[in-house]
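First comes the structure, then the notes that go with it.
Read-outs: derived from the displayed coordinates by stated rules, not from any lab. Bear in mind the structure is a predicted one, so any value in this text is a computation, not a measurement. In this analysis, Cβ positions are derived from the backbone assuming ideal geometry, glycine residues included, and neighbour counts consider all displayed protein chains.
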Amino acid sequence: MPRTTELSKPEIRPEKMKIILATDCGSTTSKARFFKKLGKEYRFVASGEAPTTVEAPFEDVTLGVRNAIREVEELTGHKLLAPHGVITPSRGEKEGVDLYVTTSSAGGGLQMMVAGVVKTMTAESAERAALGAGAIVMDVMAVDDGRRPHEKIGRIRHLRPDMILMAGGTDGGTVKHVVETAELIDAAKPKPRLGVDFELPIVFAGNKEARIPIQRILDKTFALKIVDNIRPVLELENTDPARNVIHELFMEHVMSHAPGYDNLMKWTQIPIMPTPAAEGKMFRTIAETYNANVIGVGLGGATTNVYSMYEKKFVRTVSANLGMSYSICNVLKETGTKNIIRWIPFDIEEENLRNHLYNKMIRPTTIPQSVEDLVVEHAVAREALRLGFEHHKLLARPLRGVQRRRTIADIFEQRAFEETYIDMLHVDWLAGTGGLLSHAPRRAQSALMLIDGFQPEGVTKLAQDSVFMMPHLGVLSTVHPKAALEIFEKDCLVRIGVCIAPRGVGKEGEEVMKVVVSMPDNSVLEEQVDFGSMKKIPLKEGEKAEVEIFPFRGGDIGRGSGKRRRVVVEGGVVGIILDARGRPLVLPDNNNERKQKLIEWFRFLDAYPERLYEICCR
């Protein structure tokens, strides 16, 4: 078989692929995942990780990727690297791979500015399109955003985005405001963040009647791409054409100018995909595979990405200022020290907390060295998840500007029109990925972070990425869906268990619900849960049990106020979690009571080692 060089790439034939390598260049860490066909199915074999090297003094992303791949080589004895890059195609059982794919969010990922006419209509649709393509939205500009023209021009110049997405107007409508927006962009003459000498890409997805004047204004200075209107009519949102062209321009104009990416693109046989886009693809896979409503989160070092697939509607949002390493102090700034400290079961001074987070920000690759450090990071993670979900719900809502028929019942059910359409009582899956969630020492810690951050209601399956490989499988699924789904089911998706939590609040010690569980061994367990408490019923992965839930005091478990529910649940690493702390969850104001409650909840789930409770009781 002839050797493949960086100038000649083999034809992609999924049926011939037996050895696959996937990497992800994250903001903090570059990760390599090695997959292999064992018998008739594809399985995960080994992983390697190394610090990302996109910044000074290295400024070459391939160095970090090589280091991560070398760790896989050492673990498996399989030779993967040559001077020109990854060896493709494979040369026998111990050298090379049949496919190499990669994703990236290093160097800040894809950073975009979006513009529309009306902030809550076309501009919001443009924001959803950009976020769905895996971008970080730096700013949303609209005619009615309250800023004067000179302020908008100054803002555009200052941002230096990788790309701009322009929307505005329904097809056949007025072109005046769309043209004014184009003139502001032309006057600002924004320079791209990477590669000063190349043209900034602009995607126009607005009123088709405005295409000719838009071309006249922008085509000479920018790399203009025109696609179908995002809002051709008020009642329809058409984001796919804009998303697809954003992916193309990301590769052609952005990735090629990032440090070292020109070489990395020569290694891989398919385009590099933004990490959030690949991650979101796998959350959609969960929803489609199980025909379920799914909320997923990617908790990264620089950003928190939240994904929802609810009633067939997919929405992704990114909180670019919320992360667990580079952006950890932004979480502190946005939520405040008191909201973080409320999740910590021991005394800690606000100054000590701030210093702890400052150190993490300036040394982003460090990991907790003690159980106290771990608890502090998990407290910050809860707030990052909570804030990220609050942001997500602002975009996961019905289209604005659409005329609806309203009935008398709508007067009493305003949330259907004014707030998010996501109802936590009807969310079937809550899943997480990202280094902190995937590498938590105990799965119960991940379960608590997800529950406390998102506050699921009713009966919700909890899952997480085993070793942070969802982005790798997302990009793999674009080439080999069968391999990606097999690895996802058998090696990626960890079923943590099931959370049963009634909607509503009560008084401390008051009966909230009774749960009767018919176990796989034909035994029957009965648990009564009081308000403010949590309990756990062991039910292993692969085991199923029939659960009958009796909510008290008007609690809602998904069938209406006070109505019982019978459901078959599947177990997990933690089992069945009975959460009677109330929704919304409110911690005690008294400091000692709050700490005692946290210790009680942690102990019920066996979330942390006994050493933590010894520290708390000092």
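Estimated at 0.36 nm per residue, the fully extended path between K176 and T76 surpasses their Cα-Cα distance by 29.8 nm. Across the chain, C-alpha contacts under 8 Å between residues 6 or more apart give a mean separation that, scaled by the residue count, equals a relative contact order of 11 percent.
Given the Cα-Cα distance of N355 and E151 and 0.36 nm per residue of separation, how much length would full extension add, in nm? If you can, show how the numbers build up before the last one.
On the way: separation 204, 0.36 × 204 = 73.44 nm, distance 3.59 nm.
That works out to 69.8 nm of additional length.
Stick to the Cα atoms of the stretch 512-618, pair each with every other, and give me the Kirkwood hydrodynamic radius in Å at one decimal. Don't jump to the answer; show the numbers that get you there.
Working: mean 1/r = 0.0655 Å⁻¹.
The Cα-based Kirkwood calculation yields 15.3 Å.
Cβ crowding within 10 Å ranks E127, E180, E526 as E526, E180, E127, fewest other Cβ atoms first. When shorter helices are ignored and each DSSP H run of at least 4 residues is given -39500 (n - 2.57), the per-residue value for the chain at 222 nm works out to -10000 deg cm²/dmol. Here K16 and E593 are evaluated by their C-beta separation; at R0 = 45 Å the FRET efficiency comes out at 0.10. Here the stretch 109-266 is assigned +1 on the Cβ of each Lys and Arg and -1 on the Cβ of each Asp and Glu. Its dipole about the Cα centre then comes out at about 440 debye.
For the chain, give the magnitude of the charge dipole about the Cα centre (Cβ charges: +1 Lys/Arg, -1 Asp/Glu; no others), in debye to the nearest 20. The partial results should precede the final answer.
Working: 83 positive and 82 negative charges, 147 e Å.
Charge dipole of the chain: 700 debye, to the nearest 20.
Compute the FRET efficiency between K333 and E311 as 1/(1 + (r/R0)^6), taking r as their Cβ-Cβ distance and R0 = 30 Å, and round to the nearest 0.05. Let's see the in-between values first.
Values: r = 35 Å, r/R0 = 1.16.
Between K333 and E311 the formula returns 0.30.
As a length-normalised measure over Cα pairs under 8 Å and 6 or more apart, the relative contact order of the stretch 47-171 settles at 20 percent.
State the extension gain, in nm to one decimal, for the chain segment bounded by F198 and E600, taking 0.36 nm per residue of separation less the distance between their alpha-carbons. Please report the intermediate quantities before stating the final value.
On the way: separation 402, 0.36 × 402 = 144.72 nm, distance 5.85 nm.
Full extension of this stretch gives 138.9 nm more.
What share of the DSSP beta bridges in the stretch 289-616 is antiparallel, in percent to the nearest 5?
Working: 47 of 60 bridges.
Roughly 80 percent of the beta bridges in the stretch 289-616 run antiparallel, per DSSP.
Ordering R148, R603 from the fewest to the most neighbouring beta carbons within 10 Å gives R148, R603. Straight Cα distances below 20 angstrom link K544 to the lysines K461, K490, K514, K535, K536, with same-chain residues fewer than 8 positions distant left out. Tell me, how many Å apart are the Cα centres for the stretch 428-484 and for the stretch 180-223? Between the Cα centre of the stretch 428-484 and that of the stretch 180-223, the gap is 39 Å. Projecting the Cα atoms of G169, I557, L585 onto the charge dipole of the chain, computed from C-beta unit charges around the Cα centre, puts G169 farthest toward the positive end.
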